[in-house]
Structure formats: structure tokens, C-alpha cells
Amino acid sequence: MILTSSSQPDSNLLHVSDKKQIGINPTSRGHSVLEGPVLRCLWDTHWAEEWCRLYHGRLSLYRTFSRKPRLKLDLQHIISVRAVDAEPIPGFFCFVMETASVVHCLCVATKEERDQWIQHISVQVYQASGSSEFMADAAGILSAAHRWSGNRVILNGRRNLMTRKSNFSDDASEAVQLLLRQALGISSFRQPEWPELCAFLDNTAWLKLVNLDPLTLGTHQSLSFFLNLYHLILIHSFLISELPSSERAWSSLHNRFCYEVGGYVFSLAEIEHCVLRASMSKRRSGWLSGRAWTIPKWSPDDPRYKFRLQSPEPRINFALNTGTAASPSHILVFSPDQLGCELDLATRLMLDHHSQQCSAPHTVILPKVCEWYNEDFGEGGELSLIHI
């Protein structure tokens, strides 16, 4: 049974004493420490009635009329188990199990049941962990984040938003600027401490609630927002995964890792090619033009189509850091009010770092991006150089 937070719960919800009453016959024959019906939060407002079984070392959740678990949790990956005072579904009692990748929210029928689950899970977690060190393989744990449409991963889905955070801005431009500054602060070539990383991961979830409608009205607002969002997802990707070592791996990273923002899902590749470069030239050479790199396309009936930038902006080529050696050596935080000056600064920094004047007469070596997207700068030759 699937229900939403706004729907009226059925009076018979969770009133099940035996798993066989809801068609569950687990394939696992291991002895369970505790079991019973629960409501599990699937997404911010959607819940499913499931049967939960706690074993020594793991916890399994079964959907009705199933033999195999819908979700299995290794108890040594659980960081904490605690009660939640708020009632996301009126009349039911909630508790959360926190892992590095996802905060799982469960509801039961009574306070006594909730306390019993918390007590038993906490004991089993303590016995399974054997140590307070849980970040040894954080990248591997984090890679188990929410899936969306096949193999795509929603990076900002660690926490389900059951209540509104009063001190977080619902202004999309302001929110993404704050998060990008936070990301830049913890990605300075060091391993972040867990409390710092956890705060960042949880804060990114609030982008799911921002309002993107104003971004379709102003070019500067849209451009600054999507530049910042692109770099935020890129840094987040590098925090939880290894640096790609091949063209195919780069393509996978750019197409696989996504954010949910204001009810829409965007990948790195979609932001770059379907939003920022929507009205600009296609790449003429280099590995991006090869078969291994997948370039997404949006049809006009795609609800995200309205976010496409209508006017070409060649300075995007110098502002966008894709994480490769040919990218700028910096990441700027862009703002709508100062966008023109900030794009000029990004251009100067890029040219200072990647261009040089040769000893041969009338010869200047420009950044590789100028070759890839030559048509963005005019007809070529002197006209392109004058434009730059």
C-alpha cells in the first residue's frame, strides 16, 4: 500500500499481526530478533506499508505479497537510531535510522512499538559494528544513494524532508550560492570530517523545495543559478566517488549523478548541454565528440525545456569547470547582480592560465575549449581572436 503524507490513513493500516496476512513469505530462514508492520518513507511525501524483520547483522523490509526484501540494510552501516518528535503521518510514531548515504524513516502504530524497535536495533547495531569507526569506506556507502530512472543517482536525496526548515531560503539562486560556498569549503584537497560532510549532505536536500519558476524569466538569474548548480553537483560527485580514469567513466559521471531541484531532476550533462549550451555550438573535436560520451537531448514537451538559455553566452566556455585538465583552474560562485563582471573575471583567469603567445609571428595558443567550441567565437581566425 502506497500513501502520501496528505492522504487520510486507512483505519486498518499496520493492524497486521502475521506477515502471511499480507502475503509475505521470506526466502530467508534466519531467526529474526524482531519483526512487524511499518510504514517506510520512500520519498519526501510518499510512504509504503511494509514488513520489517530485524536479524543479527541486518535489517530487511518486505513489500506486501513478496518473498524477497525490497530493502536490506547492513547494520554496521547504521550510524544512529532515534525517535522523531514530529508526526509526518498523524496518529503514527516515527523513528529514523541514519546511514552515510540515506536517512531511513519508519513509522509504527504505537509509541511502545517505536521504543521497542529503537532499543532492539541499537543493540544489534552495537554488536554488529564492533567499533565506533564508520567512515573507513564512506565513499562506498555513499554510492548507495537514491536511484532515479535506471542507473541515475540522486545525490541530494540522503534526507527525506518531512518538515520545513525555517532558516533555509526557498530562493533558488540564494540557496545554491550558499551550498556551493559550503562545498568549496570542504573540498580543499582534504578528507572532510563526518559532521562537516553530513551537514553538507543534509543541506543539499533542501534544494528539492526551492521554487524554480522565476528562473524562466531572467537570463542572468538562470545562467548564474545553473552555473552554480553544475559546480555544486560536480564537487558533490568528487566527494563521494573516485576521479574518472577514462572517457567512458567521465561520461558516466556526467550523466549518472543528478540533483532533484524544485521538483525537477538535472544531471551534469543535462545542465551543460540542455541548459547552458542549448543555444550554442556543438563540440567539433576532442573526446566529447566520440562515441563513448553520451550527450543528452530534451524534447520540447520535456517540462525542463523551459529552462534552456535562449541567448548564446561565449564566456560560459571559460566559466564552466567540468573537472578535466582543460577546465579552468578555479570555480567561482556567480550571482545574478554581478554576473557580467564575474564572467569577465572567469574569462581573464582562464586565458591567463591556459593561453600563451608563441615565438612564431602572429601566433597565440588559446585554451583547448576555444578549439572545441570554435563557432561560439565567430567565423574563426582573427574574428574569433578579436571576440575573445
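Computed values, structure above
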| quantity | calculated |
| --- | --- |
| Residues located in region 191-229, provided they are assigned to a helix (DSSP H, G or I) and acidic (Asp, Glu) | Glu196, Asp202, Asp213 |
| Of all residues making up region 309-335, the number that are at pLDDT 85 or above, out of contact with any Leu (no Cβ under 8 Å at 6 or more places or on another chain) and open to solvent by less than 60 Å² (accessible area, probe 1.4 Å) | 3 |
| Pair list, Cβ under 8 Å, 6 or more apart: region 13-28 residue closer than 14 Å to Leu39 by Cα and aliphatic (A, V, I, L, M), other residue modelled with pLDDT under 70 and surrounded by fewer than 12 Cβ atoms within 10 Å (Cβ to Cβ) | none |
| From the options Ser17, Ser60, Ser80, residue that is part of a loop (DSSP other than H, G, I, E, B) and either at pLDDT 90 or above or at negative phi (or both) | Ser17 |
| Some residue of region 266-275 being in contact (Cβ under 8 Å) with a residue 60 or more places away in the chain and open to solvent by 20 Å² or more (accessible area, probe 1.4 Å) | no |
| Hits in region 212-234 - residues which are surrounded by 20 or more Cβ atoms within 10 Å (Cβ to Cβ) and either in contact with an Asp or Glu (Cβ under 7 Å, 6 or more places away or on another chain) or hydrophobic (A, V, I, L, M, F, W, C) (or both) | Leu215, Leu223, Phe225, Phe226, Leu227, Leu229, Tyr230, Leu232, Ile233, Leu234 |
| Answer from Ser252, Ser237 - the residue that is among the small types (Gly, Ala, Ser), open to solvent by less than 10 Å² (accessible area, probe 1.4 Å) and in a helix (DSSP H, G or I) | Ser237 |
| Qualifying positions in region 85-98 - without any contact (Cβ under 8 Å) to a residue 40 or more places away in the chain and more than 12 Å from Arg40 (Cβ to Cβ) | Asp85, Glu87, Phe93, Glu98 |
| Index of the failed condition, Ser384 passing every other in (1) at pLDDT 65 or above; (2) touching a helix residue (DSSP H, G or I) at 6+ places or on another chain (Cβ under 6 Å) | (1) |
| Top-ranked residue in region 167-194 [being under 21 Å from Leu212 (Cβ atoms) and at pLDDT below 90; ranked as most open to solvent (accessible area, probe 1.4 Å)] | Asn167 |
| So Arg114, is it modelled with pLDDT of 75 or more and closer than 16 Å to Cys52 by Cα | yes |
| Residue in region 220-228 that is hydrophobic (A, V, I, L, M, F, W, C) and farther than 24 Å from Ala346 by Cβ present | no |
| Cβ pairs under 9 Å, 6+ apart, first in region 99-114 and crowded, with 21+ Cβ neighbours inside 10 Å and assigned to a loop (DSSP other than H, G, I, E, B), second of a type in the set (Phe, Trp, Tyr) and modelled with pLDDT under 95 | Ala100/Phe134; Ala100/Trp194 |
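The values are calculated or read from the model by the stated rules, or taken from the named source; none is laboratory data. For clarity, every value in this text was computed on a predicted model and none was experimentally measured. Counting neighbours? That spans all protein chains shown, and the Cβs are built from the backbone with ideal geometry, glycine included. To get the accessible areas, we keep the full protein, side chains included, count just its heavy atoms, and leave off ligands, DNA and RNA. Shrake-Rupley method; radii C 1.70, N 1.55, O 1.52, S 1.80 Å.
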